Amino acid sequence: MAVDIRQIDDVIILKPKGKIIGKAVRDLSKAINEESAKTSDSPKFLFDFADVSMMDSSGLGTLMGTHVSVAKKGGRIAVINVSEKNVKSLIIRSRLISTFEHFDSEDEAIAALTVG
């Protein structure tokens, strides 16, 4: 699975592509861990799901694990483009919709994450 990674200010933007299932979950987890190791205190991650067509519970578990580890460091996680029916319904069904900060655009998310 390909994961485009870039950084704007101190926000790490991860844009996975395809289906976040099986081996792709490990690929995403590896990318997250590598980026997390590079950050100092209070890491800020923005996940862009525009190119994700499917995600299973293990993918969601990876996001939750990231949320927990980032929160312990005083960081934040946000998501954008959670519009694919499968991805959005998985997050809603698992009652995690309020766990992740959700924004309508990348610019809005970066502005919110970099304040304070």
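Observations on the model:
- Given (1) free of Cβ contacts under 8 Å to residues at least 40 places away in the same chain; (2) surrounded by 15 or more Cβ atoms within 10 Å (Cβ to Cβ), number of the condition VAL11 does not satisfy: (1)
- Looking only at the stretch 71-91, residues that are under 23 Å from LYS23 (Cα atoms), assigned to a helix (DSSP H, G or I) and not hydroxyl-bearing (Ser, Thr, Tyr) come to 6 in all.
- Figure legend. Inter-residue proximity from the stretch 92-116: first residues farther than 18 Å from ILE8 by Cα, second residues assigned to a helix (DSSP H, G or I) and at pLDDT below 80, beta-carbon distance below 6 Å, spacing 6+ or different chains. Indicated pairs: ILE97/ILE91.
- Flag if ASP107 is loosely packed, with under 13 Cβ neighbours inside 10 Å, part of a strand (DSSP E or B), at pLDDT 85 or above and not polar (S, T, N, Q): no
- Conditions (1) at pLDDT 90 or above; (2) surrounded by 13 or more Cβ atoms within 10 Å (Cβ to Cβ); number of the one not met by SER53: (1)
- Residue, surrounded by the fewest Cβ atoms within 10 Å (Cβ to Cβ), within the stretch 14-23, restricted to residues that are modelled with pLDDT under 95 and among the hydrophobic types (A, V, I, L, M, F, W, C): ILE21
- Residue that is hydrophobic (A, V, I, L, M, F, W, C) and without any contact (Cβ under 8 Å) to a residue 24 or more places away in the chain, where the choices are VAL25, VAL52, VAL68: VAL68
- Qualifying residues in the stretch 61-91 (those that are closer than 10 Å to PRO43 by Cα and of a type in the set (A, V, I, L, M)) - the one surrounded by the most Cβ atoms within 10 Å (Cβ to Cβ): ILE77
The values are calculated or read from the model by the stated rules, or taken from the named source; none is laboratory data. What you see is a predicted model, and the numbers here were worked out from it, not measured in a lab. With ideal geometry, Cβ positions are generated from the backbone for all residues, glycine too; neighbour counts draw on all protein chains shown.
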